[in-house]
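The structure appears below as structure tokens.
What follows is calculated from the coordinates using simple rules that are stated; it is not laboratory data. Just so you know, these numbers come straight off a predicted model, no measurement behind them. Every residue, glycine as well, gets a Cβ built from its backbone with ideal geometry; the counts of neighbours run over all protein chains shown.
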Amino acid sequence: MPLKNRNNHYLTPISGLFIAASLLLTGCANGADAPTRMIKQVTDGVEADQGTIKVRNLLLVAQADGSAVVVGTFINSGAQADAILSLTANDIAATITPAKPMLETNAPVTFSGDIANASAVIPGLNVEAGKRASVTITFASQEVIKLDALVVAQEGDYANVGK
């Protein structure tokens, strides 16, 4: 005899098959080790670790003139200070202020936002929001970091970036 649900509708073996398939396809059957539970990126920005340097929430905000403004935070957890020598997006060099920002131990360098202590603008990037750009960051002491950063529109949370 077929089962009834709480609305007195009969559940068929086919509906049971669909329920089981949906649990398997969504990863619910994988429990605590489900790949969807292992996602670490919780922002639009990308992250990277290279030696003692950590890059957090790096993204680019497209500007009306075709340029892009860098958003992100750099942290040096090493005992020795380092410096950001250059930052490029799609092989276009950013204008960084201050030039070659120092990465002192546990003193974040933040590009854009209320707590910004540096700025970087990539002139003529001309990448539309929703696309990605190849970002390369060079340091005085650490290895080069290469990222694939999202370009976002100058709206919502990013409406005042670059103004």
Taking the Cα centre of segment 82-163 as the origin, how large is its charge dipole in debye, to the nearest 20, when only Lys and Arg (+1) and Asp and Glu (-1) carry charge on their Cβ atoms? 160 debye
Backbone HN-Hα couplings from phi across segment 102-109 [Karplus 6.51/-1.76/1.60, Hz, Gly and Pro as x]: 7, 9, 6, 4, 6, 10, x, 9
